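See structure below.
The values are calculated or read from the model by the stated rules, or taken from the named source; none is laboratory data. Owing to the predicted nature of the structure, the values given are computational and were not obtained by experimental measurement. In this analysis, Cβ positions are derived from the backbone assuming ideal geometry, glycine residues included, and neighbour counts consider all displayed protein chains.
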Amino acid sequence: MKALIVDDIAQARNTLKKDLEIYCSDIEVVAEASGVVEAVKYLNKNKIDIVFLDIQMEDGSGFDVLDMIPEIDFHIIFITANDGHALRAFKYSAVDYLLKPVDPDDLVKAVSKLQKLLPEQHLRYDLLKESNKKKHNEILALNSQDRIQLVRIDDIIRCQSEDNYTFFFMEGGKKIVVSKTLKEYDELLQEHKFIRVHHSHLVNARKILELHKNDDLLILSDHSQVPVSSRKKQDVIKALESL
């Protein structure tokens, strides 16, 4: 696969290129760009499979590069020192979002994810923006200890608090731990049909299979059991009736 590296720091480009040569031999770096203007000029004239794209550069941002391209017909892996742009990055159909300094294991995982994608999965940015408006297709950026993970909100089954940590239980059995309180996610996810059923539990109402009224217990789509506090019981019933 042919790759372009876009970064305004020469050392960063050299390091990434060397790591790709060592750990990802299927990726061939055919060009480098030191900024927005140079990257746009190259992409408008050349066919490329993957762009490793820095976000903050001297003459603009990686997002500026993508906004200036008539059609995004290549895959994108963002590589940046700033972890504050993950949500926006995903809206550009990014394969992954890696933080500098890049861990080789994370790089290998990102490239492996890329290789599983089919060519027809390249999406035009304007079509992607439209699809992101559709119900249940919103994305949440979860900042765990060693990486930022972008997950579909509708794939979250439930959240559980433990001290100052929140555990996300996902479809497929995946669990993600984030060092933020459940209260923050309660406020964020209310509009997505999530219900605070207990001081320690926030559940996706669409994932509820059963409510056992006598036992004050929920059965969720992963067959987990979640207690319902007595003062939240009527709220849960109303939420289920409104689905």
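Close contacts from the range 164-175, counting a first residue that is more than 15 Å from Ile139 (Cβ to Cβ) and a second that is loosely packed, with under 13 Cβ neighbours inside 10 Å and of a type in the set (Lys, Arg), with Cβ to Cβ under 8 Å and a gap of 6+ residues or different chains, come to Phe167/Lys175; Phe169/Lys175.
Filtering the range 91-120 to residues that are modelled with pLDDT under 85 and among the hydroxyl-bearing types (Ser, Thr, Tyr) leaves Tyr92, Ser93.
You will find that of Ala141, Ala239, the residue that is within 21 Å of the chain's Cα centre (by Cα), surrounded by 14 or more Cβ atoms within 10 Å (Cβ to Cβ) and either among the small types (Gly, Ala, Ser) or assigned by TED's automatic domain parsing to the domain that holds Ala110 (or both) is Ala141 and no other.
Identify the residue in the range 148-177 that is basic (Lys, Arg) and surrounded by fewer than 17 Cβ atoms within 10 Å (Cβ to Cβ) and, among all such residues, is modelled with the lowest pLDDT. Result: Arg152.
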